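The values are calculated or read from the model by the stated rules, or taken from the named source; none is laboratory data. This one's a predicted model, so the numbers in the text were calculated from it and none came from an experiment. Cβ: placed from backbone, ideal geometry, glycine included. Neighbour counts: every protein chain shown.
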Amino acid sequence: MKRIRSDFNSRQYMLAEDFELYYYSDVNFQNVGSHSHAYYEVYLFSEGCVDMVIDGKTCSLRAGDMIIVPPQTMHRAIIKNREVPYQRFVFWVSKDYCERLSKESEDYLYLFRHAEKEKEYVYHLNLLDFNGIRGKLSALLEELHTNRFGRDTQIDLSVRDLVLTLNRMIYQQKHPMTRRENLSSYQAITEYISNHLEEDLSLDALSREFYLNKYYIGHLIQENTGVSLHQYILKKRLAACCDAMLGGQSIGSCCARYGFLNYSSFYRAFRKEYAMSPSEFLQNRSNQ
């Protein structure tokens, strides 16, 4: 997805009423002195050799870190190697906008209030969560620079989705499921997959079915099986195709039934999984 790079501006006040979003990628970046804002700053760090000093505490950043800087909190970035690109998304959100969101639901402000109360400003995201947030930020940034039909409505929906996802992500990080709850969710999801192999099993569909964050579902499957959700479902569908073919169904009807777009994609997946073609599989079984 296209990312629209912004030229760095040392301005530390908002021009927009609700929010502003920037993507920066700088080399030979000059350090900015310690400062504070009248708004919330959400900062997603992608690359660089950087220390962040917030409220007098120093943290060495690594790719995937998210920083929340509440209003009136002193902070500064210290660049330790200016030759390494300094890449980050910067999302400014006004206090007034947050207050309006909170009137709709307190869920929108969990993260901001947690950061202020606990003085916890740096959050380490796993790869799935980081990629998910980066994708949402990139999509929002692209929308901000277009004039497509429904632009303002889409921007409003995207901002709300982004803020709520950030809150849910950190809430789940701070309130992890117990091992038993974790296992229960995993068993429920895998059982559902086994019983619905002919249906839509995308992350979005599973998220709607189980009311769970889709990136959490993906992480749960990976953690318990050692393979991605896509690979897990593919293996289950190929096994189901094998059973169906052995039961007398044609190869073509099996691959169509279990969601393969065409025979070519089914053939490649089958051969990669079983080191033989579907017809060779049937021939070997008939000779046993």
| note | Note: among Tyr171, Tyr123, just one is of a type in the set (Phe, Trp, Tyr), within 19 Å of the chain's Cα centre (by Cα) and at pLDDT 90 or above, namely Tyr123
| query | Would you pick out the residues in the stretch 31-54 that are surrounded by fewer than 16 Cβ atoms within 10 Å (Cβ to Cβ), in contact with a strand residue (DSSP E or B) (Cβ under 9 Å, 6 or more places away or on another chain) and either aromatic (Phe, Trp, Tyr) or in contact (Cβ under 8 Å) with a residue 40 or more places away in the chain (or both)? | reply | Asn31, Val32, Gly33, Ser34, His35, Glu47
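Can you name every residue in the stretch 15-29 that is crowded, with 16+ Cβ neighbours inside 10 Å and either modelled with pLDDT under 95 or under 13 Å from Glu41 (Cβ atoms) (or both)?
Matches in the stretch 15-29: Phe19, Glu20, Leu21, Tyr22, Tyr23, Tyr24, Ser25, Asp26, Phe29.
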| message | Conditions first: (1) surrounded by 13 or more Cβ atoms within 10 Å (Cβ to Cβ); (2) within 20 Å of the chain's Cα centre (by Cα); (3) at pLDDT 90 or above. Asp156 passes all but one, so which condition is the exception? | response | (1)
| request: Having 2 or more residues that are loosely packed, with under 12 Cβ neighbours inside 10 Å is the bar; report the helices (runs of 4 or more DSSP H) wholly within the stretch 78-148 that clear it. | output: 95-104, 110-118
| Does the stretch 7-19 contain any residue that is touching a residue at least 60 places away in the same chain (Cβ under 8 Å) and closer than 23 Å to His124 by Cα? | no
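This table checks each residue for (1) more than 30 Å from the chain's Cα centre (by Cα); (2) crowded, with 16+ Cβ neighbours inside 10 Å; (3) closer than 30 Å to Arg168 by Cα; (4) modelled with pLDDT under 85.
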{"position": "Glu223", "(1), (2), (3), (4)": "no, no, yes, no"}
{"position": "Leu234", "(1), (2), (3), (4)": "no, yes, yes, no"}
{"position": "Leu261", "(1), (2), (3), (4)": "no, no, no, yes"}
{"position": "Ser265", "(1), (2), (3), (4)": "no, no, no, no"}
{"position": "Glu280", "(1), (2), (3), (4)": "yes, no, no, no"}
{"position": "Gln283", "(1), (2), (3), (4)": "yes, no, no, yes"}
| request: Only residues in the stretch 211-232 that are farther than 16 Å from Glu273 by Cβ count as the first member; pair them with residues that are modelled with pLDDT under 90 and in a loop (DSSP other than H, G, I, E, B), Cβ under 7 angstrom, at least 6 apart or cross-chain, and list the lot. | output: His219/Asn126
| remark: Filter the stretch 236-259 for residues that are free of Cβ contacts under 8 Å to residues at least 12 places away in the same chain and assigned to a helix (DSSP H, G or I); the one that is surrounded by the fewest Cβ atoms within 10 Å (Cβ to Cβ) is Asp243
| Does the stretch 202-213 contain at least one residue that is touching a helix residue (DSSP H, G or I) at 6+ places or on another chain (Cβ under 8 Å) and exposed (fewer than 12 other Cβ atoms within 10 Å of the Cβ)? | yes
| field | the stretch 202-219, residues that are farther than 16 Å from Gly259 by Cβ and among the small types (Gly, Ala, Ser) | value | Ser207, Gly218
